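Student: Here it is: the structure, laid out below.
The values are calculated or read from the model by the stated rules, or taken from the named source; none is laboratory data. If you're wondering where the values come from, they're calculated on a predicted model, not measured in any experiment. For neighbour counting, all protein chains shown are included, and Cβ atoms are generated from backbone atoms with ideal geometry for every residue, glycine included. Each accessible area value is taken on the protein alone, full model and side chains, heavy atoms only, with ligands, DNA and RNA left out. Shrake-Rupley method; radii C 1.70, N 1.55, O 1.52, S 1.80 Å.
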Amino acid sequence: MKIKLLMGNEAIAQGAIRAGVKVVSGYPGTPSTEVLEAIARDNKKDIYVEWSVNEKVALEVAAGAAYTGARSLVTMKQVGLNVASDPLMSLAYIGVKGGMVILVADDPGPISSQTEQDTRHFARFAHLPIFDPSTPEEAYDMIGEAFALSEKFSTPVLFRPTTQVCHACASVEIKEAIEIKEIEGFIKDPKWVIFPKLSYQNHIKIIENETKISEDFSKSIYNQIIGAGTKGIVACGASFLPAAEILEYLPNDVRLMKISTPHPFPEKLAFEFLKNLDEVLVIEELDPVVEENLLRMCGKMGLKIHIKGKLTGDLPIAGKYSYEIVRTAIYRFLGEKLPLDNQAELLQIPIRPPVLCAGCPHRASFYSVKMAMKKAKQRAVFTGDIGCYTLGNAKPLDMVDTCLCMGAGITIAQGLQRVEDDSKKIAFIGDSTFFHTGISGILNAVYNETDITVIILDNSTTAMTGHQPHPGTGKTMMGNLAEKISIENVLRGCGVGFIKKSNPLNYEDAMDAVTQAVNYKGVSAVIFESPCIAVIKPKTISHIKENCIGCKKCLKEIGCPAMSIKERKVSIQPHLCYGCGLCRNICPVNAIGGEKE
Ligand code: SF4
Ligand code: SF4
């Protein structure tokens, strides 16, 4: 028996490898990213792995592989599923041949997402089964079950770990590989073509399958009833472990139900659980999905049970459930007094707002746009996007006026321009996001003759999620060198009338590029090219010289975290400075020394 200490996402990756996955596609997004990376790293070079340009594309690539009978996995975060929802809904009707698992990691909190949306709703909406693991160990085994269920019912299956499972570490028992069927290959059949008549027939079939899967789920080892009593607690996903542990130390007779397959809801098991109970507390992160299922069952079965949870205000409606939140809710539900002496003392960690790294070239890009507009005395609206460039909203840069979702910086700018043409609309987007959903926005702007400027912050990587390759980097996830897709050529192909490339760290040139672009009537673009500091070596670091007059302009204008106040004077932390030189352009008395001297 081999035991390995694995992060939840690595455990899922190992589980997928064990289950014989052959094709893995995805788009990076916290907290899901490491699943695909670990499969790419740990497999015996017999699995095809790719970062696709967006989640819709990734899902379709995995679906194609599953049509041949191969097992496929697609990974994304919850907001990524919105992008992939079009093929998802159709694929639920068409089905698959080889097992196909769609891993969508939810982010309660949210720690690094636009929304707290709950993927379990998508399962119900698309009529797809969903697995909700409680621990990394369980996720390792469960993903194999998800592939098996997918093949048994010829349906894609959703797999939804949350942050506390994805990023937790645990000792996982690595088991023998699961034996799987030979890959049959693609066999032509009208069933793969989504015609309206077929959709009607398949709609009936998938509803019938939901009933059968619900019965299977009632017998699943991942759903359990533990203990006895007239009070019941239901715990789901990452909340199960703390709930079970807290109950161990309480003398009360409580019936605990673990739900790891929230859709189709395991009604038979839930009915067993509800029998003779007076009150039930439901503990689940994000939306009251299981709570509503239990309320529905009580209505259907005529049961008079008080179901408590989010809808009754017994648990918070949003956010991650910490151990303390679960403990407080359980103690209150059972009428127990929280032992003061026993309360865990939580370390108060100082709040550190998200900020662009010291030396990040995006800081220079934002600053040059800001200064160019200031110099031109032109009012401007800055439409931001998802990624490192969202951090441009922090003071003192203050360069993000809107941020909605991936690619929307460019399209929101167009909507603003249609109504208000007295200010310049400047949209920011990163290189990976440009390929994700930026191109269609650019096409729309050109086709519909809008007057906007797009600033592409090309740092040669997908930085925010951990430096994944993309079509502009000239590398694939399989480790091959590939033809670089030129952002400039794509813009030209889309018909953008003015395109200028510039290095944002070359301050004068960067300002000039922006000025020219905003003066162009129509769709213009500036591509700011400068690699992320995490993929280059630091240059000669900067230092404050004797002639510093202490005006603090350097500190106040760019907010570089390498700069601080020391004994009432500005100082540069040598271990943080990357030598980008931006501050040297700002000092009015040339009091910052460094490489350019
Ligand atoms: S050179 Fe200046 S702006 Fe650049 S990292 Fe160092 S202190 Fe920050
Ligand atoms: S801008 Fe120049 S003079 Fe002013 S505090 Fe910074 S280093 Fe000193």
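Student: Report, to the nearest whole %, how much of the accessible area of region 439-536 belongs to carbon and sulfur atoms, 1.4 Å probe, protein only. Show your work: numbers first, answer last.
Tutor: Values: 2230 of 4490 Å².
C and S atoms contribute 50 percent here.
Student: Right, something else. Could you give the distance between the Cα centres of region 27-77 and region 318-332, to the whole Å?
Tutor: The distance from the Cα centre of region 27-77 to that of region 318-332 comes to 34 Å.
Student: Hey, another quick one. Using only Cα atoms, what is the ratio of the radius of gyration of region 531-590 to 2.2 N^0.38 Å? Display every interim value, and only then the final one.
Tutor: Values: Rg = 11.5 Å, N = 60, 2.2 N^0.38 = 10.4 Å.
Working it through for region 531-590, the quotient is 1.10.
Student: So how long is each side of the chain along the principal axes, counting just the alpha-carbon atoms, biggest first, in Å?
Tutor: Principal axes ranked by extent give 79, 68, 53 Å for the Cα atoms.
Student: Please work out whether region 263-379 counts as rounded, prolate or oblate from its C-alpha gyration tensor, where a ≥ b ≥ c are the square roots of the eigenvalues and a/c under 1.5 means rounded, while otherwise a/b larger than b/c means prolate and anything else oblate?
Tutor: Verdict is prolate for region 263-379.
Student: A further question on this structure: Pull out the extension gain between residue 566 and residue 279, defined as 0.36 nm times the separation in residues minus the alpha carbon to alpha carbon distance; nm, one decimal.
Tutor: Full extension from residue 566 to residue 279 adds 97.4 nm.
Student: If N is the number of residues in region 9-56, what value comes out of its Cα radius of gyration divided by 2.2 N^0.38 Å? Write out the running numbers ahead of the final one.
Tutor: Working: Rg = 10.0 Å, N = 48, 2.2 N^0.38 = 9.6 Å.
Relative to the rule-of-thumb radius for its length, region 9-56 sits at 1.05.
Student: When only C-alpha pairs under 8 Å and at least 6 residues apart count, what is the relative contact order of the chain, in percent?
Tutor: Relative CO of the chain lands at 11 percent.
Student: For region 203-292, what does the relative contact order come out to in percent, with C-alpha contacts under 8 Å and a separation of six or more?
Tutor: Numbers: 127 pairs, mean separation 35.7, N = 90.
Normalised by residue count, the contact order of region 203-292 is 40 percent.
Student: Next question. On the protein heavy atoms, probe 1.4 angstrom, tell me the percent of accessible surface of region 11-64 carried by carbon and sulfur. Each step should come with its number before you reach the end.
Tutor: On the way: 880 of 1630 Å².
Looking at region 11-64 in its full context, I get 54 percent from C and S.
Student: Work out how much length residue 378 to residue 576 would gain on full extension: take 0.36 nm times their residue separation and subtract the Cα-Cα distance, in nm to one decimal.
Tutor: 67.8 nm
Student: Calculate the dipole size of region 21-158 relative to its Cα centre from +1 charges on Lys and Arg beta carbons and -1 charges on Asp and Glu beta carbons; express the result in debye to the nearest 20.
Tutor: 500 debye
Student: Once neighbouring chains are kept in place and the probe is 1.4 Å, which whole percent of the accessible area of region 317-421 is contributed by carbon and sulfur? Don't skip to the end; give the middle numbers.
Tutor: Details: 3410 of 5790 Å².
C and S fraction of accessible area: 59 percent.
Student: Something else about it: Beyond 20 Å between alpha-carbons counts as too far, so tell me which of 97/212; 77/152; 501/553; 501/552 fall in that bin.
Tutor: Pairs exceeding the cut-off: 77/152; 501/553; 501/552.
Student: Among rounded, prolate and oblate, which fits region 401-524 when a ≥ b ≥ c are the square roots of the eigenvalues of its C-alpha gyration tensor, a/c under 1.5 means rounded, and a/b larger than b/c means prolate? Numbers along the way, then the final one.
Tutor: Working: a/c = 1.83, a/b = 1.55, b/c = 1.18.
Cα axes put region 401-524 in the prolate bin.
Student: Here is a follow-up. What is the extension gain from residue 355 to residue 174, computed as 0.36 nm multiplied by their sequence separation minus the C-alpha to C-alpha distance, in nm to one decimal?
Tutor: Taking residue 355 through residue 174 to full extension adds about 61.2 nm, to one decimal.
Student: If packing is taken as the average count of other Cβ atoms within 10 Å, what order do 177-188, 230-241, 394-405 fall into, highest mean first?
Tutor: Ranked from most to least packed, the peptides come out as 230-241, 394-405, 177-188.
Student: At 1.4 Å probe size, with every protein chain present, just tell me what the per residue accessible area of the chain comes to in Å².
Tutor: Result: 45 Å² of accessible area for each residue.
Student: Which order do you get for 551, 388, 166 if you rank them by accessible area with a 1.4 Å probe, largest at the top?
Tutor: Order by accessible area, largest first: 551, 388, 166.
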